[in-house]
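The values are calculated or read from the model by the stated rules, or taken from the named source; none is laboratory data. This one's a predicted model, so the numbers in the text were calculated from it and none came from an experiment. Ideal geometry is used to build each Cβ from the backbone, glycine not excepted, and the neighbour counts take in all protein chains shown.
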């Protein structure tokens, strides 16, 4: 078992990111993963190869989940967090309720901060590298001691025996009565995320005075396009329609504070690209 260095991680809303492999998209909200401390400080979930879209072998270095419909506006700070992964040829829990053991620790930190976000959007955090085999079941094990937002929920779909929960890490068995099995994703092989790979799909250039930025796209065909402006926490500040035929769009930053911002360009087919910039 490997143990990561102690760290504090700040997460951005992952409307700004996408992932290579994912299980998506449910509409059931549950606090039994990254919020509840009365019943579910320990969870273990199974993701079979057939559960994951675009499953491919490689090194996992980032995990993704979706904001649910409770506590998302507050975010959450978890204390004494440990996340572990493992692979198994099995497709279910032994006896239906026994936790798998001998897992690899990919994150151990005294504090994990998940920023406020929007219901249904993704957030993510990095982990120590883990070698994934797309032909085997992935075990995801999460444990924490404290939660600042015990009603912090994440979205998922029907459990169907894919998740166990317990109050304590030392318990060898758990309950499968949680109705929600969370949506989940990850990057592999250390590649940049899909949205980041598309960052060159448009250009973002400041105009003199840094009160306006010019978005330009030359080779991208857009359909029903919108531009979203977000701050460093991932909070949506503005959403505007973009006229695809114009080839450019002016973003007004007058009155905005100095700091890091993100611009996301999206059309009917999904995210076209994301750009990060600093307003002086």
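Data table
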item	result
Failed item in (1) at pLDDT 90 or above; (2) assigned to a strand (DSSP E or B); (3) more than 18 Å from residue 37 (Cα to Cα), with residue 164 passing the rest	(3)
Residue in the range 167-187 that is nearest to the chain's Cα centre (by Cα), counting only those that are under 23 Å from residue 128 (Cβ atoms) and at pLDDT 95 or above	184
Number of the condition not met by residue 31 [criteria: (1) under 20 Å from residue 176 (Cβ atoms); (2) surrounded by 19 or more Cβ atoms within 10 Å (Cβ to Cβ); (3) in contact with a strand residue (DSSP E or B) (Cβ under 7 Å, 6 or more places away or on another chain)]	(3)
Tally, over the range 223-280, of residues that are modelled with pLDDT of 85 or more, surrounded by fewer than 16 Cβ atoms within 10 Å (Cβ to Cβ) and closer than 22 Å to residue 75 by Cβ	4
From the options 105, 119, 154, 191, residue that is under 26 Å from residue 231 (Cβ atoms) and either at pLDDT below 95 or outside the structural domain of residue 29 (by TED's automatic domain parsing) (or both)	119
